[in-house]
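Chemist: I am attaching a structure below and will ask some questions about it afterwards.
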Amino acid sequence: MNDFFVQIPKNKFLIIPVLTWFCIQVFKVIWDLITTKKFNFKRILGAGGMPSSHTAIVVSLSVMIGKEFGFDSPIFALSTIFAFIVMYDAAGVRRAAGKQARLLNKIVETPGLSDIEVQERLVEVLGHTPFQVIVGAMIGIIAGAIF
């Protein structure tokens, strides 16, 4: 068990992507504060927004794996396929779910249109635009290449 606490902080393949995620999420909190004049700490763990931290994590990991084990290695191929799935999900499935949530919230809030009583609104910021995913990928490439 002692090895665990020694090895984890030395694992750059874990630390760099997590640090990249954390920096992006802090940026989102600060950006949200600047643009809305409200402090929303939920943004630190929330999904969606500019840039895609999910994309940055998987791309930085993939680049680091490619540098370490070769861009022709099976582990790089695996990480790259994983990255593409995450990026597709962020810009496709989760973005569509966010659009549906926005529409459902409008329907429920429209007087006389629905008798449904809702305790809380559905989360609308779930996915990313393709541009947000591209920016996340660029940040991931930079983070992975530097470290």
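Chemist: What's the number of the condition Lys67 fails, among (1) basic (Lys, Arg); (2) more than 27 Å from Leu78 (Cα to Cα); (3) in a helix (DSSP H, G or I)?
Modeler: (2)
Chemist: When you scan segment 40-57, do you find a residue that is in a helix (DSSP H, G or I), aliphatic (A, V, I, L, M), under 25 Å from Phe82 (Cβ atoms) and at pLDDT below 90, even just one?
Modeler: The initial filter retains those residues of segment 40-57 that are in a helix (DSSP H, G or I), namely 41-44, 53-57.
Now narrow it down to the ones that are aliphatic (A, V, I, L, M): 44, 56-57.
Restricting the remaining residues to those that are under 25 Å from Phe82 (Cβ atoms) gives 44, 56-57.
Filter again for at pLDDT below 90, leaving 44.
Looking through segment 40-57, at least one residue is in a helix (DSSP H, G or I), aliphatic (A, V, I, L, M), under 25 Å from Phe82 (Cβ atoms) and at pLDDT below 90.
Chemist: Has segment 23-34 got at least one residue that is closer than 25 Å to Pro130 by Cβ and among the aromatic types (Phe, Trp, Tyr)?
Modeler: Yes, segment 23-34 has at least one match.
Chemist: While we're here: If I filter segment 81-92 for residues that are farther than 18 Å from Met138 by Cα and surrounded by fewer than 14 Cβ atoms within 10 Å (Cβ to Cβ), do I get at least one hit?
Modeler: Within segment 81-92, not a single residue is farther than 18 Å from Met138 by Cα and surrounded by fewer than 14 Cβ atoms within 10 Å (Cβ to Cβ).
Chemist: Same structure, new question: Among (1) farther than 30 Å from Asn11 by Cβ; (2) modelled with pLDDT of 80 or more; (3) of a type outside the set (A, V, I, L, M); (4) buried (at least 17 other Cβ atoms within 10 Å of the Cβ), which single condition is Arg95 missing?
Modeler: For Arg95, the failing item is (2).
Okay, residues lined up against (1) at pLDDT 85 or above; (2) of a type in the set (S, T, N, Q):
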| site | (1), (2) |
| --- | --- |
| Lys38 | no, no |
| Ser60 | yes, yes |
| Glu68 | yes, no |
| Ser73 | yes, yes |
| Ala77 | yes, no |
| Ile81 | yes, no |
| Val86 | yes, no |
| Lys99 | no, no |
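The values are calculated or read from the model by the stated rules, or taken from the named source; none is laboratory data. Source: prediction; values computed, not measured. Every residue, glycine as well, gets a Cβ built from its backbone with ideal geometry; the counts of neighbours run over all protein chains shown.
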